[in-house]
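Asker: Questions regarding the structure given below will be posed in turn.
The values are calculated or read from the model by the stated rules, or taken from the named source; none is laboratory data. Note that the structure is predicted; figures quoted are calculated from it, not measured. Cβ: placed from backbone, ideal geometry, glycine included. Neighbour counts: every protein chain shown. Quick note on the areas: whole protein, heavy atoms, side chains included, nothing else; ligands and nucleic acids left out. Shrake-Rupley method; radii C 1.70, N 1.55, O 1.52, S 1.80 Å.
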Amino acid sequence: MAGQIRAIRGMRDILPPETSRWQWVEQVAREVFDLYGYRELRLPLLERTELFSRSIGVDTDIVAKEMYTFPDRHGDSLTLRPEATAQVVRAALENRLDRAPGVQKLYTLGPMFRYERPQKGRYRQFHQINCEALGADAPDLDAEVILMLMEILGRLGLTQVRLFLNSLGCPECQQDFKARLKLFLRTKEGWCDDCFRRREINPLRVLDCKSAHCQGLLKGSPVLKDCLDEACAGHYARVLELLNRFRVPYEENPRLVRGLDYYTRTAFEVVAAGLGAQDAVAGGGRYNGLSQELGGPELPAIGFAIGQDRLLEVLPPEAGRISPPKVFLAALGDAARDRALGLLQDLRRWGLAAEMDFQGRSLKAQMSLADRLGAIYVIILGNRELETGQAVLRRMATGGQEQVALKELPAILANFISGKV
Ligand code: HAM
């Protein structure tokens, strides 16, 4: 016999009933996005490699080590998207969404791909709930975006979180900061190979190094806040003022730089208790220069992505395990089965989730199947019931039974279920 084929390492099958929790999270996010005026984009999973190398930055871990990149049959270099921000900007520019009046508020849900070492909370195919607001630099928009993120997490019941904030300033502030940081980094020895290389070409990336040893060497390094010019400092102060006003708890983290090169000004991360090493459930920030980096006009923007896999890992296992109340039709004999098919359709027309057996089981086996499926009512239909135009309706929780006219059955059940009787 041929060997069994298994899924690729770091790529998971998400199965029922877990999928209902995924749908619930997406539903809650969509509801909040609607309230804040965000509309959905559906984007390809594959893009030209250059889109990501130009926007995320060639020295980042994502571009240098983690992308699924391959030539297509024509020899063009393609990459499975490692994140969505670059492609949202690409799509907005290509489809001229940036020319429409007002801030363009867009969201997209779906899988991302990074060739990282798989572990709890870290996968090679993972899923993001991603949103971007394009077209304004106002700090009020930053605050609104963060409020919206906290609203989504709050509605899902995730309260044990910490929001970390920093400002990365504009390119001028960053230049000043990088110069100071380089001087500091040169004074220390013992960097990992990556940091040794990056400390000259892209010193910001050293701050983001995952090695505990490098993090130790960074003690006492300069912080961005000291290099912000008046406009960037004012922008940051206004974001903090609004978060205070709306009572969003936050902590400033002057060393937060995020793992992607495109950020300017506000950057943030939400960390959840109970996730271990991979504890960031969401991250985001402003990226005022990205559009120009991609050949577009000036288009200040901000957004965030929630890691859906991690979010679901940290939510209680029962959260979102909702399935519609179900009716099971237990039919005995060919005539009853035939009638049951019509009755099933009637029930569904009334908006009731209804199922029956298709494997010729005995009544006893059908009853236990109904139980396993979580049916709250079972309709028992035999040849005798058919003759009288009646069926037995059994309430699973109590075992109580009554005779009901077949004609009235859907209406009665719909009533029972809507009133949760
Ligand atoms: P990011 O911080 O790279 O940001 O990813 C956002 C979130 O995706 C992380 O906080 C984490 O929850 C989740 N995530 C990342 N990698 C993995 C993985 N290998 N396995 C499981 N979950 C993962 C971005 O991607 C930016 N595009 C966010 C953004 C949107 N910035 C502005 N707009």
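Asker: For the stretch 111-145, which residues satisfy the criterion of being open to solvent by less than 10 Å² (accessible area, probe 1.4 Å) and within 13 Å of the ligand (Cβ to nearest atom)?
Answerer: Hits for the stretch 111-145 are Met112, Gly121, Ile129, Asn130, Cys131, Glu132, Ala133, Leu134, Asp142, Val145.
Asker: How about the stretch 273-292: which of its residues are surrounded by fewer than 23 Cβ atoms within 10 Å (Cβ to Cβ), of a type in the set (A, V, I, L, M) and within 11 Å of the ligand (Cβ to nearest atom)?
Answerer: Residues satisfying the conditions are Leu275, Ala280.
Each row is one residue, and each column tells you yes or no for (1) part of a loop (DSSP other than H, G, I, E, B); (2) in contact (Cβ under 8 Å) with a residue 12 or more places away in the chain; (3) hydrophobic (A, V, I, L, M, F, W, C); (4) not assigned by TED's automatic domain parsing to the domain that holds Glu151.
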residue	(1), (2), (3), (4)
Leu242	no, yes, yes, no
Ala267	no, yes, yes, no
Gly274	yes, yes, no, no
Val281	no, yes, yes, no
Gly296	yes, yes, no, no
Ile306	no, yes, yes, no
Arg321	yes, yes, no, yes
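Asker: Okay, moving on. Got a number for residues in the stretch 15-61 being part of a loop (DSSP other than H, G, I, E, B), open to solvent by 50 Å² or more (accessible area, probe 1.4 Å) and among the hydrophobic types (A, V, I, L, M, F, W, C)?
Answerer: 3
Asker: Related question: Listed residues Arg54, Arg81; which is within 15 Å of the chain's Cα centre (by Cα), within 15 Å of the ligand (Cβ to nearest atom) and assigned by TED's automatic domain parsing to the domain that holds Glu151?
Answerer: Arg81
Asker: Kindly establish whether Gly37 is under 23 Å from the mean Cα position of the chain (by Cα) and either within 25 Å of Asp142 (Cβ to Cβ) or of a type in the set (A, V, I, L, M, F, W, C) (or both).
Answerer: yes
Asker: Let me ask you something else. Quick one: how many residues across the stretch 247-263 are within 12 Å of the ligand (Cβ to nearest atom) and touching a Phe, Trp or Tyr at 6+ places or on another chain (Cβ under 6 Å)?
Answerer: Residues flagged as within 12 Å of the ligand (Cβ to nearest atom) and touching a Phe, Trp or Tyr at 6+ places or on another chain (Cβ under 6 Å) within the stretch 247-263 amount to 3.
Asker: Separate question: Condition first: surrounded by fewer than 14 Cβ atoms within 10 Å (Cβ to Cβ), of a type outside the set (D, E, K, R) and touching a strand residue (DSSP E or B) at 6+ places or on another chain (Cβ under 8 Å). Can you find one or more residues in the stretch 403-421 that meet it?
Answerer: Yes, the stretch 403-421 has at least one match.
Asker: Among residues belonging to the stretch 91-110 that are within 13 Å of the ligand (Cβ to nearest atom) and either β-branched (Val, Ile, Thr) or in a helix (DSSP H, G or I) (or both), point out the one that is surrounded by the most Cβ atoms within 10 Å (Cβ to Cβ).
Answerer: Ala92
Asker: Pick out, from the stretch 139-220, the helices (runs of 4 or more DSSP H) lying fully within it that include 1 or more residues that are aromatic (Phe, Trp, Tyr).
Answerer: On the way: elements: 139-155, 171-186, 193-201, 204-207, 212-217.
Ranges flagged: 171-186, 193-201.
Asker: Just the residues that are within 30 Å of Gly274 (Cβ to Cβ), among the hydrophobic types (A, V, I, L, M, F, W, C) and open to solvent by less than 40 Å² (accessible area, probe 1.4 Å), please, taken from the stretch 316-330.
Answerer: Ala319, the sole residue that qualifies.
Asker: I need the full set of residues from the stretch 134-162 which are touching a residue at least 60 places away in the same chain (Cβ under 8 Å) and more than 17 Å from the chain's Cα centre (by Cα), in order please.
Answerer: The answer is Leu134, Gly135, Ala136, Asp137, Pro139, Asp140, Leu141, Asp142, Ala143, Glu144, Gln160, Arg162.
Asker: In the stretch 257-272, which residues are open to solvent by 10 Å² or more (accessible area, probe 1.4 Å) and farther than 17 Å from Glu172 by Cα?
Answerer: Residues satisfying the conditions are Arg258, Gly259, Leu260, Glu269, Val271.
Asker: Quick test of your reading of the structure: Arg12 fulfils all but one of (1) open to solvent by 60 Å² or more (accessible area, probe 1.4 Å); (2) part of a helix (DSSP H, G or I); (3) in contact (Cβ under 8 Å) with a residue 40 or more places away in the chain. Name the failing condition by number.
Answerer: The single condition Arg12 does not satisfy is (2).
Asker: Something else now. I'm trying to understand the selection: among the residues of the stretch 36-63, which are free of Cβ contacts under 8 Å to residues at least 60 places away in the same chain and of a type outside the set (Ser, Thr, Tyr)?
Answerer: Residues satisfying the conditions are Pro44, Leu46, Glu47, Arg48, Glu50, Phe52, Val58, Val63.
Asker: Leu311 is checked against (1) away from the ligand (no atom under 16 Å from the Cβ); (2) open to solvent by less than 10 Å² (accessible area, probe 1.4 Å); (3) assigned to a helix (DSSP H, G or I) and fails just one. What number does that condition carry?
Answerer: (1)
Asker: So which residues in the stretch 189-212 are over 15 Å from Leu168 (Cα atoms) and either surrounded by 12 or more Cβ atoms within 10 Å (Cβ to Cβ) or in contact with a Gly (Cβ under 6 Å, 6 or more places away or on another chain) (or both), if there are any at all? Spell out the reasoning first.
Answerer: Of all residues in the stretch 189-212, those over 15 Å from Leu168 (Cα atoms) come to 189-201, 209-212.
Across the stretch 189-212, the qualifying residues are Trp191, Cys192, Asp194, Cys195, Phe196, Arg197, Arg198, Arg199, Cys209, Ser211.
Asker: Against the conditions (1) open to solvent by 80 Å² or more (accessible area, probe 1.4 Å); (2) without any contact (Cβ under 8 Å) to a residue 24 or more places away in the chain, where does Gln390 fall short? Just the number, please.
Answerer: (1)
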